[in-house]
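Written out below as structure tokens is the structure these notes cover.
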Amino acid sequence: MNEGDWRAWAEQATTGLGLVDARLHLAWLNPALAEALELGPRRAIGQPLASLLGEPAVASQAARARDEQRTVQWRDLRLGAPERRLDVSLQPLDAEHLLLEVHVLAPPAAGHSPVSASLRGLAHEVKNPLAGLRGAAQLLQRRVGEAELKALAGMVIAEADRLAALADRLLRPAGAPPQDAINLHAVLERVVALLEAEPSPLAIRQDYDPSLPELRGDADRLQQLLLNLARNAREAGARHLILRTRAEHGVRLGERVLRTALRLDMVDDGAGVPAALRDTLFEPLVSGRADGTGLGLAMAREIAHEHGGELRHAGGPGATTFTLWLPLEHAWPAHPSTVASESHES
């Protein structure tokens, strides 16, 4: 990758990145680093690294990184008021420059769910590879000529952005999900497109109710829920998947009875859930596979709860059903562009 390509990638990265010169002064920074330091680029460039990070001991460690051509790291640095907590690394690029990486840490907060707490460390680690993936896909999109390849590269970019946003959400204090208008059928179509782009895609039949109104919530989070379910089905040996949406009335979710709810069934023909796991299926770290993390279904139910809904399991081998219930009490009217209801094979 030449310098121009590297700069273009770094400008898009969600991780704070900078170049430090031989004098240990900041020579360049990307927008993410300017935001982390809460300084404009003009003020930051030329500043000593130790001053920017508010830690005098940084200078001697940075000199070691430069002189010995080795990577140094600082964990949980405290900067500014109100206080920001940072993980920082410095690694040699060449004899004249060091690469600075800064990750802003979320302040300690009560109320993180067990799933989100388990994933915060992972979210921190995946942000750099996601930025690299996005940058590579952008370069590929500019250089290929075929429209189909450009579309696939665009899909990679969109997914990298979505995962980076999910990682950011896990690294920040929990809050209410965005209350945007969502066409769930449009979310389902994105999920289908992603599944069809994977090796050995599932045969998918869509059976949608076009009269369903838009609902309130976070499209990215719901997409993640649906992808988790579909990929679990494939890993259980499924070859066919049915996606079915309906409106239901008088639905009981826990202590609540919803006047109107959206019902989304995902039915697969895989091996099903082992009987020993059915009572704890949605608990964190519970998995029926030796190589499973046990986080996918727990995260899926957490997302359903964020939206005031519920995720349930029924059926057995050859006809396993996961049902997502979402409230339609305060939904928007149906949009004319809602995906049609005809069932079809993908």
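Checking each residue in segment 308-320 for being open to solvent by 20 Å² or more (accessible area, probe 1.4 Å) and under 21 Å from L215 (Cβ atoms) picks out G308, E310, R312. What are the residues in segment 43-57 that are surrounded by 12 or more Cβ atoms within 10 Å (Cβ to Cβ) and touching a strand residue (DSSP E or B) at 6+ places or on another chain (Cβ under 7 Å), if any? If the condition is that a residue be surrounded by 12 or more Cβ atoms within 10 Å (Cβ to Cβ) and touching a strand residue (DSSP E or B) at 6+ places or on another chain (Cβ under 7 Å), then A44, I45, Q47, P48, L49, L52, L53, G54, E55 are the ones that fit. For segment 24-54, a residue qualifies if it is assigned to a loop (DSSP other than H, G, I, E, B) and free of Cβ contacts under 8 Å to residues at least 24 places away in the same chain, and the qualifying residues are N30, L39, G40, I45, G46, Q47. Here D67 fulfils each of the conditions (1) modelled with pLDDT under 85; (2) acidic (D, E); (3) open to solvent by 70 Å² or more (accessible area, probe 1.4 Å) apart from (1). In the set (1) of a type outside the set (F, W, Y); (2) open to solvent by 30 Å² or more (accessible area, probe 1.4 Å); (3) outside any loop (DSSP other than H, G, I, E, B); (4) modelled with pLDDT of 85 or more, the condition left unmet by L188 is number (2).
When the criteria are applied in full, R7 fails the requirement of being modelled with pLDDT under 85 and not in a helix (DSSP H, G or I). Based on this model, can you work out whether G237 counts as on the phi > 0 side of the Ramachandran plot and open to solvent by less than 10 Å² (accessible area, probe 1.4 Å)? No; evaluated as a whole, the condition is false for this residue. Report yes if some residue within segment 15-23 is part of a loop (DSSP other than H, G, I, E, B), surrounded by fewer than 15 Cβ atoms within 10 Å (Cβ to Cβ), charged (D, E, K, R) and at pLDDT 90 or above; otherwise report no. Yes: one or more hits. Residues that are open to solvent by 30 Å² or more (accessible area, probe 1.4 Å) and modelled with pLDDT of 85 or more within segment 322-346 comprise just one, P327. Could you grab me the full set of residues in segment 192-209 that are surrounded by 14 or more Cβ atoms within 10 Å (Cβ to Cβ) and either without any contact (Cβ under 8 Å) to a residue 12 or more places away in the chain or outside any helix (DSSP H, G or I) (or both)? Result: P201, L202, I204, R205, Q206, D207, Y208, D209.
Just wondering, is there one or more residues in segment 74-95 that are outside any strand (DSSP E or B) and modelled with pLDDT of 90 or more? Break it down stepwise before answering.
Initial filter on segment 74-95 (outside any strand (DSSP E or B)): 80-83, 93-95.
When the remaining residues are screened for being modelled with pLDDT of 90 or more, the result is none.
Looking for residues that are outside any strand (DSSP E or B) and modelled with pLDDT of 90 or more, one finds none in segment 74-95, hence no.
The values are calculated or read from the model by the stated rules, or taken from the named source; none is laboratory data. Please read these numbers as outputs of a predicted model, since none were measured by experiment. A quick note on method: Cβ atoms are made from the backbone with ideal geometry, for glycine too, and the neighbour counts reach across all protein chains shown. Ligands, DNA and RNA are excluded from the accessible area calculation, which covers all protein heavy atoms including side chains. Shrake-Rupley method; radii C 1.70, N 1.55, O 1.52, S 1.80 Å.
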